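I have placed the structure first, in the form of C-alpha cells, so that the comments after it can refer back to it.
Derivation of every value follows stated rules applied to the coordinates shown; laboratory data play no part. This one's a predicted model, so the numbers in the text were calculated from it and none came from an experiment. Note that we place each Cβ from the backbone using ideal geometry, even for glycine, and neighbour counts take in every protein chain shown.
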Amino acid sequence: MSINEIFDNSTVKQVIFQIRFPNLFYMESKIGDLQVRIMQEFPESSLIERRKVIFADIGTNLKPLEDDLDKETGRKIWQFKSPKDFQLNVLSNSLDITSQHHKTYNLGDDDKFRDIIKFVLDTFLKVTAIPIINRIGLRYVDECPVPSKDNKSYKSYYNSAFPLNRFNLADAEEMVSIVKTKRGKHYLRYMESLQKVDNEYKLILDFDGYAINIKPPEIYLDITDELHAIISDEFEKTIKEPVYEYMRKPKE
C-alpha cells in the first residue's frame, strides 16, 4: 500500500523519471516544436554537446583522441529547466525528468511529480509519435538518518538488508547491499548503503523501478503508477516508526 502522507522533512533527495526509445534521427527537427509546447512550465533552455573521448594505449600512458573524432560521435542534450526545480533532458534515444526538491508524486494539490510527467510525456508523444517505449524507469534516492552507529539502534529504525548478524555496524566504514529482483511483471533494483555525508553517517536508500517494452506508449502513466506503488511499498517495508517521526518534523 502506497504512503498517503506528505512529509515536511522528507528523506527524498532526488527523483528521476526516464524513458528510453529507439534512436530518433529526426529528433533535432522536433525539438523546436517541443520547446514551444512546454515553455510555460520549462522556460529556461540550453543545448549541451558532449563528445565521446577515446583513449589510446601508448604504453604506460593513456592519450585522449578527442581531436580525431567526428562530431557525429557526440551526444546532444536539449535541457529545459522549470522554476519549480524540475529539469528535463531530451536526447535522441531517451528523455528524463529530475526533481531535486521532491514534494509528492500524486498527493495534494501542487507540484505533483506525476502531473509534470504527464504534461511532458503527453506533449512529447504528440510531437514525436514514437510507436514504442523500450524502457520506463522511476528512481527514488533517499538520505535517511542513522541515530547511532550500532546494530541495536539501527535495527530500531530499519528493516535492513545488511548482514548485521555477521558484521557489526559500529566497526564498518561502509556497508552496501544491492538486490535486483522482479516485482510482478516489472523490475526493481534496491540498494541500501551506509555512507559518510558531511562527516555524518547516513543511510542511502536507492529504489530503481523499471518496466520494458511498453506498447502502445500511451499507457506510460499506468506503468509509472505501478512502479511508484512498488517503490512506495518497498520503502514502507524498509523503514520503521522512528523514521516516520523524523519525516514528520519541521524541515531543518
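One quarter of the surface of the convex hull around the alpha-carbon atoms of the chain equals 17.6 nm², the direction-averaged projected area.
Using only the Cα atoms of the range 73-115, each taken as one equal point scatterer with no solvent, compute I(q) by the Debye sum, divide by I(0), and report log10 of the ratio at q = 0.14, 0.29, 0.33 Å⁻¹. These q points yield log10 I(q)/I(0) values of -0.39, -1.02, -1.16. Checking every one of the chymotrypsin sites (Phe, Trp or Tyr not before Pro) in the range 88-167 against DSSP loop status and a limit of 13 other Cβ atoms within 10 Å picks out 167.
Among 99, 29, 193, the largest mean-square fluctuation in a Gaussian network model of the chain (Cα springs under 10 Å) belongs to 29. The percentage of C-alpha pairs in the range 203-249 whose separation is greater than 18 Å is 45%.
If the Kirkwood radius is taken over C-alpha pairs of the range 9-49, then at 25 °C and 0.890 mPa s the Stokes-Einstein diffusion coefficient equals 185 µm²/s. A straight Cα-to-Cα reach below 21 Å connects residue 81 with the lysines 13, 30, 103, 112, 118, 126, residues fewer than 8 places away in its own chain not being considered. Computed across the range 103-167, the Kirkwood radius stands at 16.1 Å (inverse of mean 1/r, all Cα pairs).
When the convex hull of its Cα atoms is viewed from all sides, the range 70-198 shows a mean projected area of 13.1 nm². A quarter of the convex hull surface defined by the alpha-carbon atoms of the range 137-252 gives 8.5 nm² as the mean projection.
Largest GNM mean-square fluctuation across 128, 98, 11, computed for the chain with C-alpha springs under 10 Å, falls on 128.
For the options 141, 15, 197, a Gaussian network treatment of the chain with springs between C-alpha atoms closer than 10 Å singles out 197 as fluctuating the most. For the pair residue 200 and residue 148, how long in nm is the line joining their label points, each one 7 Å along Cα→Cβ? In this crude label model, residue 200 to residue 148 measures out at 1.8 nm.
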